[in-house]
Amino acid sequence: MRTSKGLICAAALLAMVSGAAQADTLSYAGGWPPSSGATGALESYAKAIEANTDGAIKMKVYALSLLNFAEANAGVKDGMADAATILTPYFAAEYPRLNMLAEATPMMELDAFASDKSFMAFAGAMSEFVMLDCPACQKEVAGQNQVFMGAATTTSYILQCMKPAASLDDLKGKRIRTAGPYWSRWVEAMGAVPVSISVNETFEALNQGVLDCTASNPTDMKNFRFIEAVKYVVNGAPGGQFPLPTMINRDRWAGLSAENRAAIMKANATLFAKMNWVYYDDAVSALQEAGTRGIQEDKPAADLAEKNQAFIESDLKSVAGNYKEKYGIEDSEAMLSTLRDLVTKWTGLVASVQSEEALNQLYWDQVYSRIDPARYGS
């Protein structure tokens, strides 16, 4: 009897220890394939969290196996995953403020901000604005039972097509996959037809003839295998970038100590620097590989280039009014004005950045080190 009781007690103790270990392991639902550079960035994030907390907090990354991008918002809200990259334009009603900021990314195509690092600048500006200057944005995220951890941003969008698409005549009537409202408006303005489907379904839609093109960033040619389907790319239109914020379940965040929250904030700088640098490198390599596969790379014809620039400028002027009218965001103009000021600041900050490590330090110094971990997200 004594032996049986001893075994039972030992088993119970082991179960308690196992349960405690499991409670200290965060789950991250990644929407990218396992072999993608973006998933590699998430794995680096997990390592940084473990190192920064001396092993007290670990993270398990589930690459396109726990939740896909279309499922991620509800999944994190309900606690199916502790954290995920939330593509907020997929959830228009839930994130009107964040989506308004996302629709401002075409400003990065304007002469004042355009560069090969413009997306790094926008990621810094958006993260700083949401985390330090926009309590209403944080309230919006809290309404989804989440906490905003910051954001990376993709490189500028290009057309990736089954047929020629470099001129307005080429685009007329083409069915083009769009990732959000800005691109849908752009496609319609160019005489084409916007199609809204998840990025995870786009490869099959291209192969099956459901789509003629996708408006996507160059890295996704490899991340989602578009490079195995498309025959043409148009580099220089439609422009615009896609923010990639990480959200963590608010209840899970509340259960962490202030010390461990601070350690995760340090890891956030690592994640978004790594993610942006991955998109930087992979965009170059994707276009190079496209060339070796015989995919034709074009620049926009004169008529498309002219209309593209005119559309960007006119659309930016309408974003604040659209969100004020549709979602009742009364301070929309002030929000976008502040964001533009931050973009100006960050354009200067990233100009001299030559490495992932330097970008990591910049994000830490300017944003994440300024967060009060004991109060943020409460």
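Using a simple spin-label model with pseudo-atoms 7 Å out from Cα toward Cβ, SER352 and LYS326 lie 4.1 nm apart. Values of log10 I(q)/I(0) for the range 99-175 across q = 0.14 Å⁻¹ run -0.63, by the Debye formula with one identical scatterer at each alpha carbon and no solvent. Provide, for q = 0.12, 0.13, 0.14, 0.15 Å⁻¹, the log10 of I(q)/I(0) from a solvent-free Debye sum over equal Cα point scatterers in the chain. Each listed q corresponds, in turn, to -0.88, -1.03, -1.19, -1.37.
How many times 2.2 N^0.38 Å is the alpha carbon radius of gyration of the range 309-365? Display every interim value, and only then the final one.
Values: Rg = 15.6 Å, N = 57, 2.2 N^0.38 = 10.2 Å.
Normalised Rg, Cα atoms only: 1.52.
Of all the Cα-Cα pairs you can form in the range 16-132, what percent are over 17 Å apart? Roughly 67 percent, once rounded to a whole number. Extent of the range 257-378 along its three principal axes (Cα atoms, max minus min coordinate, largest first): 55, 44, 25 Å.
For the chain, with all protein chains present and a 1.4 Å probe, just round the carbon and sulfur fraction of the accessible area to a whole percent. Mind showing how you got there, number by number?
On the way: 8040 of 15540 Å².
Of all accessible area on the chain, carbon and sulfur atoms account for 52 percent.
The distance from the alpha carbon centre of the range 263-318 to that of the range 130-203 is 12 Å, rounded to a whole number. When each of the peptides 130-139, 30-39, 356-365, 115-124 is scored by the mean number of other C-beta atoms lying within 10 Å of its residues, the order from highest to lowest reads 115-124, 30-39, 356-365, 130-139.
How much of the pair distance distribution for the range 209-317 lies past 25 Å, counting alpha-carbon pairs only, in percent?
Details: 2619 of 5886 pairs.
Percent of Cα pairs beyond 25 Å in the range 209-317: 44.
Take the chain with all the other protein chains still there, run a 1.4 Å probe, and you get 41 Å² of accessible area per residue.
Step through the table entries LYS172/LYS324; LYS174/LYS299; LYS77/LYS274; LYS163/LYS307; LYS117/LYS324; LYS174/LYS274, compare each Cα-Cα distance with 24 Å, and write down the pairs that go over it.
Working: LYS172/LYS324 32 Å; LYS174/LYS299 18 Å; LYS77/LYS274 26 Å; LYS163/LYS307 20 Å; LYS117/LYS324 30 Å; LYS174/LYS274 35 Å.
Distance filter (> 24 Å) returns LYS172/LYS324; LYS77/LYS274; LYS117/LYS324; LYS174/LYS274.
Here is the size of the range 131-228 from its Cα atoms: Rg then Dmax, 16.3, 47 Å.
The values are calculated or read from the model by the stated rules, or taken from the named source; none is laboratory data. Keep in mind that what you see is a predicted model, and the values were worked out from it rather than measured. Cβ atoms come from the backbone with ideal geometry, glycine included; neighbour counts cover every protein chain shown. Areas reflect the complete protein model, heavy atoms only, side chains present, ligands, DNA and RNA absent. Shrake-Rupley method; radii C 1.70, N 1.55, O 1.52, S 1.80 Å.
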